[in-house]
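Notes follow once the structure below has been shown.
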Amino acid sequence: MASQVVENDNLAMKGQSSKEASSNAIVREKDVAGPSSSSSSTAEEKRAERMKRLRELHLRRNEARKLNHQEVVEEDRRKKLPANWDAMQRKTEWENKEEDARKEAEARGENYDRVKLLEVTAEDADRLERKRKKKNPDQGFSGYAAAQYRQYQRLTKQMKPSVDEYSREKDQKGEAMYPSVDDVTYGGQGKVPEAAVDRMVADLEKQIQKREKYSRRRAHLDEEDIDYINERNMKFNQKLARFYDPFTAEIKQNLERGTAI
């Protein structure tokens, strides 16, 4: 009887130990399955993070490429401009402001030159005068070439380009606004605006009036031959004689004597 009790107890202990073993095996399986699933999810997250960074790098590369292209185009445009383009732009803007201020003063019935001088001190006026004399000294008549060059400089300074017209023409022509040496369309159609023609005519009339004002009466020699029809033609003939008489004096004498071949 006692042996049966002992055997029952052993069987119960064996059953209990087998249940504990099975539960431990289940727990170990869960422990093994847990880290493997978490590691796989971590790998997916890392891969997704890498792909995201790769896309960001691609976007940044494309953006840098676009910005570099824009800078290259802008640099090429700046190289095609004159060397003093910035200074010319500042001067043009200043002249436009001066013109607007002059129009406002004329609308108020005021003299703009006097209004402007009221804001200039004696020191500034003296400094500007010294700068003007230093920049454009009046050395008197030294030769016809020098006089012509001074006149050219004076006339070009009087020209006031229109920024609006320039911008409109630039928008119309685009890249053709700055032709290269290989461009055969330089000069366009040769059409000059009516306003430009009127401006040239007004400038020529102003030059004629100025020459008439500063002209002096030349000495008249009765012994000289009269080969002109008016005073203007006389001056023109004198200019021709100054340059061509050394080469045509003999031909002229032969024509006058009637011995020309």
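Cβ separations smaller than 9 Å between residues 6+ apart or across chains give the following pairs from the stretch 85-102 residues that are within 16 Å of Y166 (Cα to Cα) to residues that are in a helix (DSSP H, G or I) and among the charged types (D, E, K, R): W85/R78.
Residues of the stretch 96-128 that are part of a helix (DSSP H, G or I) and either in contact with a Lys or Arg (Cβ under 6 Å, 6 or more places away or on another chain) or open to solvent by 100 Å² or more (accessible area, probe 1.4 Å) (or both): K97, K103, E104, E106, Y112, R114, L117, L118, E123, R127.
Exactly one residue among E169, E205, E212, E224 is modelled with pLDDT of 75 or more and outside any helix (DSSP H, G or I), and that residue is E224.
The values are calculated or read from the model by the stated rules, or taken from the named source; none is laboratory data. Keep in mind that what you see is a predicted model, and the values were worked out from it rather than measured. No Cβ is skipped: glycine too gets one built from the backbone with ideal geometry, and neighbour counts run over all protein chains shown. When the accessible area is computed, the model is the full protein with side chains, heavy atoms only, and any ligands, DNA or RNA have been set aside. Shrake-Rupley method; radii C 1.70, N 1.55, O 1.52, S 1.80 Å.
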